[in-house]
């Protein structure tokens, strides 16, 4: 099914059908994110050097602890010296 066809079908749905569709889409997105986090959880371990782009731009750090969906990363730099950040696993890349 093409996106255009799906959008055409959606326009003919009732409000309750749209709510059911919305719940199904949200569940699908959450399942994919959980699956990706599970993969990343085994990819990283404490002591790994990582980078990520966050609110403060490109940041480098070292993983202190890997949790279910996030990792605690120690950042050593002039602006944020000796701070730990709780970073989502899907944002991390090996440095």
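Bear in mind that the values in this text are calculations on the coordinates, not laboratory data. All figures in this text were calculated on a predicted structure; none of them were measured in a lab. Cβ coordinates were reconstructed from backbone atoms using ideal geometry, including for glycine residues, and neighbour counts include every protein chain displayed.
With respect to being within 14 Å of the chain's Cα centre (by Cα) and in contact (Cβ under 8 Å) with a residue 12 or more places away in the chain, residue 93 fits the description.
Of the listed requirements (1) touching a helix residue (DSSP H, G or I) at 6+ places or on another chain (Cβ under 7 Å); (2) closer than 30 Å to residue 10 by Cβ, residue 40 misses just one: (2).
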